[in-house]
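The structure appears below as structure tokens.
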Amino acid sequence: MTRITLTVDGAQVSDDVEPRMLLVQYLREKLGKTGTVIGCDTSNCGACTVHLNGTSVKSCNVLAVQADGAEVTTIEGLAEDGRLHPVQEAFRECHGLQCGFCTPGMIMQSVDLLKENPNPSEEEIRLGLEGNLCRCTGYHNIVRAVQHAAGQAVTS
């Protein structure tokens with residue numbers, strides 16, 4: 001076992017973990033952060049995307065011990081004082097989901113995308129979300145939600 005200490009959604013936590021435990025497993029199993037979804041276990045789908053020190057990562061591709069000393073934000077940590085993050089609100093408003101399985105990862109990646117490029121074109125949004133898969137929506141409303149969150153005019 002290895003002792004790790006990190007900050008998750010603003011709260012410092014310390015735990016003993018197996019060196020081979022994935023960050024996604026740690027978040028879900030040890031901390032109950034079940035909004036971080038396990039999708040493929042191969043880093044292909046992006047459903048497990050979280051922010052590690054402010055940058056989106058696929059948490060099924062990071063060991064929990066690699067996050068020692070880091071700051072992790074999950075989908076649960078985006079909302080503040082009971083108010084949805086603007087990207088969460090945009091996904092709700094623009095119906096940027098269908099089954100919802102990919103939604104946490106899509107939102108986390110979208111937040112990172114908008115941090116890097118606050119006014120992306122449709123093509124830049126599609127490229128920025130390329131590592132996150134949705135099997136239901138065809139991405140149209142997801143792109144609209146990101147445009148809406150960026151303050152761009154969204155047409156039906």
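Would region 89-110 turn up any residue that is surrounded by 15 or more Cβ atoms within 10 Å (Cβ to Cβ), among the small types (Gly, Ala, Ser), under 27 Å from Leu27 (Cα atoms) and within 13 Å of the chain's Cα centre (by Cα)?
Looking through region 89-110, at least one residue is surrounded by 15 or more Cβ atoms within 10 Å (Cβ to Cβ), among the small types (Gly, Ala, Ser), under 27 Å from Leu27 (Cα atoms) and within 13 Å of the chain's Cα centre (by Cα).
Kindly evaluate Val62 against the criterion of being touching a residue at least 40 places away in the same chain (Cβ under 8 Å), under 16 Å from the mean Cα position of the chain (by Cα) and surrounded by fewer than 22 Cβ atoms within 10 Å (Cβ to Cβ).
Yes: the conditions hold for Val62.
State yes or no: is Phe101 of a type in the set (Phe, Trp, Tyr), in contact (Cβ under 8 Å) with a residue 24 or more places away in the chain and assigned to a helix (DSSP H, G or I)?
No.
So which of Val37, Val72, Val65 ends up being assigned to a strand (DSSP E or B), under 29 Å from Ser14 (Cα atoms) and in the same structural domain as Asp15 (by TED's automatic domain parsing)?
Exactly one residue qualifies, and that residue is Val72.
Looking only at region 107-156, which residues are assigned to a helix (DSSP H, G or I), in contact (Cβ under 8 Å) with a residue 12 or more places away in the chain and over 27 Å from Asn61 (Cα atoms)?
Listed by number, the residues that qualify are Glu122, Asn141, Arg144, Gln147, His148, Ala149.
The values are calculated or read from the model by the stated rules, or taken from the named source; none is laboratory data. Please read all numbers here as calculations on a predicted model, not as lab measurements. Because the Cβ atoms are built from the backbone with ideal geometry, glycine has one as well, and the counts that use them run over all protein chains shown.
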